[in-house]
Structures are given as C-alpha cells and as structure tokens.
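Before any comments, here is the structure.
Read the figures in this text as sums done on the coordinates, not as results from a lab. Note that this is a predicted model, so its numbers are computed, not measured. Reconstructed Cβ throughout: ideal geometry from the backbone, glycine too, with neighbour counts over all protein chains shown.
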Amino acid sequence: MNPQLDTFSYDDDIVRQFTWATIVWGLVGMLVGLLIALQLAFPALNYGPFLSFGRLRPLHTNAVIFAFAGNAFFAGAYYSSQRLLKTRMFSDALSRVHFWGWQLIIVSAALTLPAGFTQAKEYAELEWPIDIAIAVVWVVFAINFFGTIARRRERHLYVAIWFYIASIVTVAILHIFNNLSVPAGPLKSYSIYAGVQDAFMQWWYGHNAVAFFLTTPFLGLMYYFMPKAADRPVFSYRLSILHFWTLVFLYIWAGPHHLHYTALPEWASTLGMVFSVMLWAPSWGGMINGLLTLRGAWRKVVEDPVLKFFVVAVTAYGMATFEGPMLSVKSVNALAHYTDWIIAHVHTGALGWNGFLTFGMIYWMAPRLFQTRLHSQKLAELHFWLATFGMILYATAIYSAGLTQGLMWRAFDETGRLQFPDFVETTMRLMPMYYLRAVGGALYISGMVLFLYNILRTWQARPAAYEVPEIKAAPLAKVYVEPPHPAEPAGALARFARATWHRSWERLPLTFTVMTALAVIVASLFEIIPTFLIKSNIPTIASVTPYTPLELAGRDIYIREGCFNCHSQMIRPFRYETERYGEYSKPGEFVYDHPFLWGSRRIGPDLAREGGKYPNLWHVRHMEAPATITQRSIMPPYPWLLRNAIDFPTIQKRVDAMAMLGVPYGDAVTRAPAMAQEQAGMIAAEIEAAGGPRGLADKEIVALVAYLQRLGTDIRKAPAAAGGGGH
Amino acid sequence: MRLSDIMAGAGLSGYAQIALILFFVAFIAIAIRIFWPGRDHEMDAASRMPLDDEHPQTARTGDRS
C-alpha cells in the first residue's frame with residue numbers, strides 16, 4: 001500500500017463555460033439552419049447580400065459543427081479527462097485561452113461568412129487569418145491536454161482518452177494541410193491545390209472532419225458518460241479497443257467516396273468505397289457496445305431522460321454509420337450524390353448522434369456542475385420527445401426529397417428523352433417536403449429552447465459559492481512494474497498476445513500518440529502521393545488555359561456569394577447527366593481551379609458547361625431577378641451585383657497570387673486591371689447593344705457574366721485559339 | 001527527370017492495395033491481441049475507470065511502491 005495521497009481539485013469552471021457556449025451557439029447555429037431551410041421553401045426570405053442562402057449555409061454548418069459540437073466536445077473532454085487522469089488540467093490559463101480563443105474564432109466566423117469571405121471549401125470556409133487562429137488555439141488545447149496526461153495519477157489511459165488523443169492529433173493534421181493557401185489580401189486566399197487534387201484534399205479533410213470532429217470525440221464522450229449515467233461499466237472494454245484502432249485505421253481512407261464518378265481517378269474512388277464499407281463493422285461494434293452497456297439497466301431508461309438521450313444518440317450513430325457505407329457504394333452514390341439524401345444522412349448524424357449525446361451529457365453534468373437538482377425532469381422529457389419527433393419529421397421529409405430528386409433527374413420517357421428536362425420542375429416537387437422539414441427543424445429547436453430554459457433555471461438555483469471538493473489520489477510511482485499475468489497460456493500466439501506492447505502504449509501517451517498519428521499519416525500518404533504525382537491521373541488538355549483577370553474576379557464573386565452551395569460544376573459520365581448538362585467533365589479541365597468548385601449539392605442545375613448557353617443579357621436579367629426569367633425559380637436575386645463596382649486594383653494581387661501558384665498568367669502579371677477593364681468594356685457594350693442596362697462596364701455583374709460564359713468552354717476550342725489570362 | 005516522372009514510373013497506384021493488406025494484417029493482430037483469453041481482470045479494471053471517481057484513490061497494481 002502507498003499511504004501517501006496527493007490532494008487536489010478539478011477545474012469545473014472551464015466545463016461550465018464550455019457548457020454555456022455549447023447551448024448558446026447550438027441555438028444560434030440551429031436557428032440559422034431553420035432560416036435557410038425556410039429560404040428554400042420561401043425564397044422571399046433571402047434579405048440582401050448578408051442574409052442570402054449562399055452566405056448563410058456555411059454559417060449554419062460551421063456553427064453547428066465547430067461551435068455547438070466543438071464546445072460540447074471541449075466541455076465533456078475537460079470534465080472527463082480530469083477525472084479519468086486524476087489530476088487538474090495542466091494549466092488553468094491555457095484552458096481560458098482555449099475557451100476565449102475558440103469563442104473569438106466563432107464570432108469571426110459569424111462576421112466574415114455572411115460578409116462573403118470564404119475559401120469555398122466545405123467546413124473549411126474560414127479565411128486564412130482565422131485558419132491560423134484555429135491552428136494556434138488548437139495547439140493551446142493540445143498542450144493543455146497532453147500536459148494534463150503528463151501530470152496524471154492514473155497509469156492506464158482509459159479508452160475515452162485515446163479517442164480524444166486521436167481527435168486532437170488528426171484534426172490538427174487535416175486542418176493544416178487542407179487549408180494551405182496563398183493569401184491575395186487580408187481576407188482572401190487561393191488554395192495551393194487545384195482541381196482534382198484540391199477536391200481530393202478537401203474531401204480527405206471533409207470526411208475526416210466528420211470522423212475526427214464529430215465521431216471520435218463523441219465516442220470518447222460516449223465511453224465515459226454512458227457508463228456514468230448507467231452506473232455500470234462499458235459492455236466490452238475489448239470491443240472498445242478494437243473499435244478505436246479500426247476507426248483510426250479505416251476512417252482516413254474513406255474521403256474519396258464523396259467524389260464518385262467525378263474527375264477523380266477511378267482507383268482512388270474505389271479505395272474510398274472499399275474502406276467505407278469496411279467501416280460498417282467497427283461502427284456497429286461501437287454502437288452495440290454502447291447499447292449493451294445498458295444491459296440490466298433498461299428500467300432506468302424509462303425513468304431517466306439522460307439515458308433516453310443516450311439511447312437515441314447511439315441508435316442514430318448506428319443508423320448513420322450503416323447508411324454512410326451504403327452511400328459510399330458507387331451505384332447507390334450515383335443516385336444519392338448532389339441530392340437532399342446526403343443532407344438527410346448528415347442530419348441523422350448531427351441531430352441524432354451529436355445533438356442527443358450532447359443533450360444527455362449536459363443534463364447529466366448540469367446538477368453536478370451547478371451543485372443542485374436539475375430544475376425539471378419533465379421539461380427534459382419534453383425536450384427529448386420534441387427533439388425525437390422533430391428529427392424523425394426532418395429526416396423523413398428530406399430522405400423523400402432526396403430520393404425524389406435523384407429519381408427525377410435520371411428519368412427518361414418512352415422516347416428516350418429526359419422526362420423532366422426542366423430543372424425547376426424537379427425543385428417544385430420537393431416543396432411539400434421542404435415545408436415538412438422546416439416543421440421538423442422548428443420542433444427540434446423548440447426542444448433546444450426548453451433545454452436552455454431548464455439549464456438556466458438549474459443554474460439560478462446554484463449555491464452562493466460552488467463547493468470545490470478536495471480529491472485525493474496516489475501519485476504514480478517513478479518506476480512501473482508490470483504485474484504478473486499467471487493465467488495466460490503458453491505458445492507463440494500467446495507470447496504475442498502476452499506481449500506488453502499495447503499495454504505499454506496505454507501507459508505511454510507519447511508512444512501511443514505517435515502510433516495513432518502514424519496510422520493516420522501513412523494511410524493519408526498512400527492515397528495522397530499517387531493522386532498528386534502520377535501524371536496519368538490528370539491528363540492535360542492543351543486548349544485549357546487560365547481564367548482572364550476579369551473572369552478570375554468574376555469567379556471570386558461566385559465564391560463570395562456562395563453559388564457553389566447550390567450549383568455543382570461537375571458533370572458525371574451518365575447519359576442522364578450529359579443529356580441535361582452537356583459533355584461530362586474531364587480532370588484536365590480544372591488544372592487552374594484554385595480552389596475547385598465542383599460542389600456537393602444541386603439545389604440548382606450544374607453549371608460546368610454553362611458558358612455560351614445563354615446570351616450575356618440573359619445572365620444579367622437572371623441574376624437581377626431569377627424568377628422573372630425562370631418561372632418558379634427559388635434562386636435568390638442578386639441586384640447588388642448591378643450596383644457594386646468591380647475592385648479593379650485588387651485584381652492584380654489576385655492574379656499575382658495565382659501566378660505564384662504556377663498558373664501561367666503571361667502578360668497579366670503586369671497589367672491585369674487594364675486587361676480586366678478592356679474585357680469588361682466589351683461585355684458591357686454587348687449587353688447594352690442587346691437592349692440591356694447601360695453603364696455596367698465597371699459593375700460586378702460583368703465580371704460574373706465573364707466567368708459564367710467561360711465555364712466549360714475550353715474543351716471546345718482549338719489549342720491555338722484558346723483564350724486565357726496571359727494569351 | 002522530374003519527381004513526377006519518377007513517381008509515374010513507380011506504379012504507385014497499386015500501393016493502395018498493399019496498404020489495404022497491411023492494415024488488414026494490423027487489424028487481425030490487434031484483434032488477436034485483444035481477445036486472447038486471460039486478460040479479463042485487466043480489462044475489467046480498465047472498464048471500471050469512469051466509475052472510479054470515489055476518493056481517496058489508492059495506487060493501482062504496478063504503481064505501488
């Protein structure tokens with residue numbers, strides 16, 4: 001026996017802070033989600049540039065992922081890590097820097113995204129100064145977390161800590177490499193990758209953001225808080241170890257399933273599919289492990305809203321991780337990609353898994369954090385049922401919408417023509433489902449309001465001063481002696497099984513972290529290096545040349561307005577796509593696209609071959625008031641593009657940044673603004689001659705029209721005649 | 001000769017399949033390691049860690065001096 005015990009206390013203030021941030025930002029993020037859902041059903045709700053769908057959609061996704069789920073992870077991790085490691089956090093100051101730094105980043109996102117500052121990469125929209133801030137704050141968190149591990153009084157690292165370590169390490173790697181870019185201004189940058197490679201990096205990041213920001217951290221929380229709430233250990237610790245390593249090995253490969261049938265090389269796409277299908281097994285192993293933790297405690301589920309939330313959370317995890325591998329199968333993906341089916345899939349995971357786990361966790365922590373009883377169990381029950389019905393309504397409506405869309409897009413009539421050639425017709429068919437979705441979302445949010453009220457009232461009943469319990473625990477011995485394992489059998493396999501390597505990792509966080517990082521990095525490199533370095537993956541097309549300076553400026557406006565949130569630029573090699581949109585997209589067409597703008601959803605039609613389809617004046621009228629040109633169109637109007645002046649002087653900086661990335665800009669590196677003005681003058685004159693508005697030569701609409709008219713036209717040109725930035 | 005030419009000649013696209021096999025072997029190794037009998041006590045002790053918030057907390061086996 002070691003009679004000497006250290007006395008210390010846990011820092012629960014930081015947990016309380018992250019808990020409040022979770023609830024407040026969660027409500028904000030979900031309200032923005034409701035607004036954009038209503039904008040699809042009622043396009044008149046698009047108010048001006050700052051509140052238009054294209055700018056608000058990334059605000060919604062960033063808010064719920066990084067503000068709601070992020071703060072929830074931090075709250076749970078700070079609570080559980082201190083207790084599992086039997087020590088206070090390494091540094092209270094670093095905890096505060098982490099908290100306030102993260103909230104500042106969220107505020108920056110809330111200001112810059114509606115203002116149109118975006119990198120146009122999903123879940124990585126924030127511009128370069130904010131990206132740097134994220135990296136810094138993440139490093140602060142990592143130092144604090146690993147410092148806490150170093151000062152622990154518990155030799156073995158519980159499996160929840162492994163999940164936290166994998167999340168912290170992998171998110172850092174993903175964030176840094178996907179966001180590498182060349183600045184072209186204080187809040188403007190271009191990805192260093194182009195086209196196929198940029199798409200590959202983005203979805204390597206994008207899928208693993210789901211994996212290592214929304215899945216592994218929450219699995220860590222599940223493995224701590226479910227046993228706590230059920231008051232019994234996890235069903236199988238062995239299964240949890242297998243769950244961990246299998247997820248770390250497999251997840252990192254799965255990204256390319258977001259790019260099936262695009263210009264991504266076939267082998268990468270297949271690899272993404274195979275690893276995604278394999279993910280089904282560990283995910284369901286984890287789900288079963290979670291649910292069976294409640295064995296013998298099902299009676300408690302009836303009485304305890306916390307366990308109710310956990311049961312639905314783990315069930316939603318199971319549903320989402322069954323559906324994910326299914327959607328990664330190419331033939332299923334061909335139907336689901338670009339449709340609302342993917343939105344339904346994401347929301348099953350986000351509302352069900354992340355949301356419900358967070359609600360359960362906070363309801364469990366609140367009485368302990370605020371040292372009083374939960375204000376109302378009944379309100380918590382009501383929250384549970386509102387959220388459950390809201391989620392079911394949401395999912396049912398949007399799954400139906402997705403299937404309807406996918407089937408209508410591919411339908412041919414008996415004469416072999418597209419049955420629904422008018423895209424708007426397919427959109428109108430979704431309207432009832434969009435209304436239902438909004439009702440479901442509103443129900444879920446009303447539950448969220450009850451949640452806020454309940455926690456607020458609980459907080460109001462807190463004691464005048466929080467009691468800070470003194471914790472006693474024995475320090476770790478300087479030398480660890482491996483305990484004997486007399487029960488283990490002899491033989492070669494037994495020697496391997498007895499080997500202390502994994503037990504050592506469990507005690508040696510540095511080795512463990514290195515091994516986890518290695519699994520992630522090796523897997524990434526096996527996919528990334530061939531994609532980047534094998535020339536045959538991206539056959540060059542001689543007639544493809546850089547965008548002119550004006551087209552580049554127009555492309556930046558397209559990015560600013562978030563057009564890629566509704567329009568893809570990637571025609572897949574299916575007859576129903578080529579009939580509707582034109583020649584399928586080739587990898588070589590995107591070599592100057594920093595960033596790629598293939599999109600992931602078609603609320604409106606694909607624009608990859610938009611160039612030359614309509615006259616310039618059509619585009620002007622269409623952007624000014626879409627519904628007057630395309631009846632029943634739900635696209636928001638962009639009248640400010642006819643008023644805002646093109647920022648000609650900054651075009652040079654943008655061209656220079658692109659040239660720095662290797663885009664052959666020729667003359668444009670010295671006279672980009674002049675070239676842009678010249679092209680703008682010609683387009684404006686043509687619009688005027690066609691009976692359109694006068695005086696558009698310096699207006700943003702002209703730059704956007706120049707870009708739209710260029711889209712997908714290069715492959716139709718002879719190499720010598722091709723236009724371009726410096727030619 | 002450029003790096004991309006060397007990489008193009010190296011036939012790297014097949015490496016992904018090799019990686020798949022390597023990771024599968026690692027998976028089998030971990031599975032054997034974890035499910036080998038005779039570690040029940042160790043696993044049980046680890047699984048009880050979240051429930052072990054009670055104090056005072058004495059040192060565990062291996063850390064006792």
Inset, instruction - Using the charge dipole of the range A:549-721 (Lys, Arg: +1 at Cβ; Asp, Glu: -1 at Cβ; taken about the Cα centre), state which of A:MET635, A:PHE596, A:GLY692 has its Cα farthest towards the positive end. - result: A:MET635
Legend entry - Subset of A:LYS86/A:LYS472; A:LYS86/A:LYS308; A:LYS121/A:LYS699 violating a 20 Å alpha-carbon distance limit: A:LYS86/A:LYS308; A:LYS121/A:LYS699
Inset, instruction - Evaluate E = 1/(1 + (r/R0)^6) for A:SER446 and B:THR58, where r is the Cβ-Cβ distance and R0 equals 51 Å; express this FRET efficiency to the nearest 0.05. - result: 0.55
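Kindly put A:ASP656, A:ASP198 in sequence by how many other C-beta atoms sit within 10 Å of each C-beta, fewest to most. The partial results should precede the final answer.
Numbers: A:ASP656 16, A:ASP198 23.
Arranged by neighbour count, lowest to highest, A:ASP656, A:ASP198 become A:ASP656, A:ASP198.
Expressed as a rounded percentage, what relative contact order does the range A:200-326 have, with Cα pairs under 8 Å and six or more residues apart? List each step's numbers first, then the result.
Working: 128 pairs, mean separation 39.6, N = 127.
About 31 percent, as a whole number.
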Inset, instruction - Tell me what chain A gives for mean residue ellipticity at 222 nm when only DSSP H runs of n ≥ 4 count, each as -39,500 (n - 2.57), the sum divided by the residue total, rounded to 500 deg cm²/dmol. - result: -20000 deg cm²/dmol
Inset, instruction - Mind sorting A:HIS60, A:HIS156, B:HIS41 by how few other Cβ atoms lie within 10 Å of their own Cβ, fewest first? - result: B:HIS41, A:HIS156, A:HIS60
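Can you tell me how the range A:9-460 classifies by the Cα gyration tensor, rounded, prolate or oblate, using a/c under 1.5 as the rounded cut? Numbers along the way, then the final one.
On the way: a/c = 1.44, a/b = 1.33, b/c = 1.08.
Rounded, since a/c falls under 1.5.
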Inset, instruction - Putting +1 on Lys and Arg Cβ atoms and -1 on Asp and Glu Cβ atoms, find which of A:LEU126, A:GLY286, A:LEU34 reaches farthest to the positive end of the dipole of the protein assembly as shown. - result: A:GLY286
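Please report the relative contact order for chain A, taking Cα pairs under 8 Å with a sequence separation of at least 6, and give it as a percent rounded to a whole number. Walk me through the intermediate numbers first.
Details: 1175 pairs, mean separation 119.2, N = 727.
After rounding, I find 16 percent.
Which order results if A:LYS699, A:LYS472 are arranged by neighbouring Cβ count within 10 Å, fewest first? Don't jump to the answer; show the numbers that get you there.
Working: A:LYS699 21, A:LYS472 15.
Sorted ascending by nearby Cβ count, the order is A:LYS472, A:LYS699.
Express in nm, to one decimal, how much length is gained between A:TRP20 and A:VAL107 on full extension, taking 0.36 nm for each residue of separation and deducting their alpha carbon distance.
On the way: separation 87, 0.36 × 87 = 31.32 nm, distance 1.52 nm.
So the chain would gain 29.8 nm between A:TRP20 and A:VAL107.
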Inset, instruction - Using a 10 Å Cβ count of at most 15 others and DSSP loop calls, identify the longest part of chain A lacking such GluC sites (Glu not before Pro). - result: A:1-413
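Does the protein assembly as shown classify as rounded, prolate or oblate by the C-alpha gyration tensor (a ≥ b ≥ c root eigenvalues; a/c under 1.5 gives rounded; else a/b over b/c gives prolate, otherwise oblate)? Kindly include the intermediate steps, with their values, before the conclusion.
Values: a/c = 1.96, a/b = 1.64, b/c = 1.20.
Because a/c hits 1.5 or more and a/b exceeds b/c, the protein assembly as shown counts as prolate.
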Legend entry - Lys, Arg +1 and Asp, Glu -1 on Cβ, resulting dipole of the range A:630-677 about Cα centre, debye, nearest 20: 200
Legend entry - Charge-dipole axis of the range A:9-460 as Lys and Arg at +1 and Asp and Glu at -1 on Cβ define it, positive-most pick from A:TRP253, A:ASN333, A:HIS98: A:HIS98
Inset, instruction - Please list, in chain and number order, the residues 5+ apart from A:PHE90 or on another chain whose amide H is under 5 Å from its amide H, with Hs placed from the backbone. - result: A:THR148
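Where in chain A are the helices, taken as whole DSSP H runs, whose Cα atoms extend 18 angstrom or more along the long axis and whose Kyte-Doolittle mean reaches at least 0.5? Could you put the intermediate results ahead of the total?
Details: long enough: A:13-41 (42 Å, 1.51); A:70-85 (21 Å, 0.13); A:92-112 (30 Å, 0.85); A:128-150 (32 Å, 1.89); A:159-178 (28 Å, 1.97); A:195-209 (20 Å, -0.57); A:216-230 (21 Å, 0.65); A:237-251 (21 Å, 1.12); A:266-292 (40 Å, 0.90); A:305-328 (34 Å, 1.13); A:356-369 (19 Å, 0.99); A:377-409 (47 Å, 0.73); A:431-460 (43 Å, 0.74); A:509-533 (34 Å, 1.87); A:648-660 (19 Å, 0.09); A:668-689 (31 Å, 0.30).
Passing helices, by number: A:13-41, A:92-112, A:128-150, A:159-178, A:216-230, A:237-251, A:266-292, A:305-328, A:356-369, A:377-409, A:431-460, A:509-533.
The range A:1-70: which chymotrypsin sites (Phe, Trp or Tyr not before Pro) are DSSP loop and have at most 16 other beta-carbon atoms within 10 angstrom?
Details: sites: A:PHE8, A:TYR10, A:PHE18, A:TRP20, A:TRP25, A:TYR47, A:PHE50, A:PHE53, A:PHE66, A:PHE68; in loops: A:TYR10, A:PHE50.
Here the chymotrypsin sites (Phe, Trp or Tyr not before Pro) that fit, given the DSSP loop and packing criteria, are A:PHE50.
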Legend entry - Of the trypsin sites (Lys or Arg not before Pro) in the range A:287-388, those whose Cβ has at most 15 other Cβ within 10 Å and which sit in DSSP loop: A:ARG295, A:ARG373
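Dipole of the protein assembly as shown, Cα-centred, from +1 at each Lys and Arg C-beta and -1 at each Asp and Glu C-beta, to the nearest 20 debye?
Numbers: 64 positive and 56 negative charges, 273 e Å.
Roughly 1320 debye for the protein assembly as shown.
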